Amino acid sequence: MEPIVPGFAAIPSNLPALAIADHLEETLKDLPKILQQAQPALLAGTSLGELRGLESADRDALYEAACELCDADRFREALPIALQLVAHEPRDARFTFIAGSCLQRLELSKPASAMFGLCIMETFDPVALYRLGECLDAQGESRQAREAFEAVQEMCRGDHERRELQVWCTEALGRLSASEISH
């Protein structure tokens with residue numbers, strides 16, 4: 001696919017995932033100018049990924065690379081890739097979830113909360129809501145964390161495939177209660 005914005009280089013589809021991420025990072029230097037040129041298309045609902053000519057296969061390759069890095073506990077390396085994906089396709093819950101996961105594992109709970117919030121807006125995924133609850137707890141927002149964990153329990157009630165998630169919520173709620181009692 002050719003990029004929509006003139007002068008905005010398409011991403012070579014034959015590059016490996018990490019090379020695609022490097023290419024994206026290099027071309028982001030001109031982002032303010034590009035966004036100004038692209039404003040009408042962006043306001044019409046075109047994503048930055050579409051504007052840049054980022055194909056679905058390229059996004060999938062980047063996502064897989066980020067997942068592999070996360071599986072190897074290399075969250076600091078996965079984060080720039082995940083954030084590139086979010087910048088290009090902010091409505092793809094896979095991308096916001098992995099970015100939130102990287103941020104959370106790097107103990108950046110506030111930006112992680114924002115990523116999990118974006119994910120929930122698209123899918124209302126109980127795992128993302130649970131992770132948001134963890135981030136809220138880490139920020140000292142006990143009441144909101146409790147509400148998140150309780151909502152996850154309600155969402156998963158009767159879903160035997162989500163039993164482990166329910167147990168995690170019960171444990172988190174127990175920790176919150178114990179913390180409230182000790183203060």
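The values are calculated or read from the model by the stated rules, or taken from the named source; none is laboratory data. From a predicted model like this one, the values you see are computed outputs, not experimental measurements. Counting neighbours? That spans all protein chains shown, and the Cβs are built from the backbone with ideal geometry, glycine included. SASA here: full protein model, heavy atoms, side chains in, ligands and nucleic acids out. Shrake-Rupley method; radii C 1.70, N 1.55, O 1.52, S 1.80 Å.
The residues on offer are ILE11, ILE4, ILE20, and the sole one that is assigned to a helix (DSSP H, G or I) and either within 24 Å of ALA114 (Cβ to Cβ) or at pLDDT below 70 (or both) is ILE20.
The residues of region 94-109 that are open to solvent by 20 Å² or more (accessible area, probe 1.4 Å) and either modelled with pLDDT under 95 or closer than 19 Å to ASP73 by Cβ (or both), listed by number, are PHE97, SER101, GLN104, ARG105, LEU106, GLU107, LEU108, SER109.
With respect to the stated conditions, ASP92 is under 29 Å from LEU42 (Cβ atoms) and either in contact with a Lys or Arg (Cβ under 8 Å, 6 or more places away or on another chain) or among the acidic types (Asp, Glu) (or both). When the criteria are applied in full, LEU132 meets the requirement of being within 21 Å of ASP71 (Cα to Cα) and either among the aliphatic types (A, V, I, L, M) or in contact with a strand residue (DSSP E or B) (Cβ under 7 Å, 6 or more places away or on another chain) (or both). Every condition in (1) in contact with a Gly (Cβ under 8 Å, 6 or more places away or on another chain); (2) open to solvent by 20 Å² or more (accessible area, probe 1.4 Å); (3) of a type in the set (A, V, I, L, M) holds for ALA112 except the one numbered (2).
Does PRO90 satisfy the criteria of being of a type outside the set (Gly, Ala, Ser), under 30 Å from SER56 (Cα atoms) and not in a helix (DSSP H, G or I)? Yes, satisfied. Might you check whether a residue that is under 15 Å from the mean Cα position of the chain (by Cα), in a helix (DSSP H, G or I) and at negative phi occurs anywhere in region 45-61? There is at least one residue in region 45-61 that is under 15 Å from the mean Cα position of the chain (by Cα), in a helix (DSSP H, G or I) and at negative phi. Within region 71-92, being under 17 Å from PHE116 (Cβ atoms) and open to solvent by less than 20 Å² (accessible area, probe 1.4 Å) holds for ALA78, ALA82, LEU85, VAL86.
Only one of the numbered conditions (1) under 28 Å from MET155 (Cβ atoms); (2) buried (at least 21 other Cβ atoms within 10 Å of the Cβ) is violated by ASP125, and that is (2).
For region 168-179, does any single residue satisfy the condition of being open to solvent by 70 Å² or more (accessible area, probe 1.4 Å), under 24 Å from the mean Cα position of the chain (by Cα) and within 22 Å of MET115 (Cα to Cα)? Scanning region 168-179, I find at least one residue that is open to solvent by 70 Å² or more (accessible area, probe 1.4 Å), under 24 Å from the mean Cα position of the chain (by Cα) and within 22 Å of MET115 (Cα to Cα), so the answer is yes.
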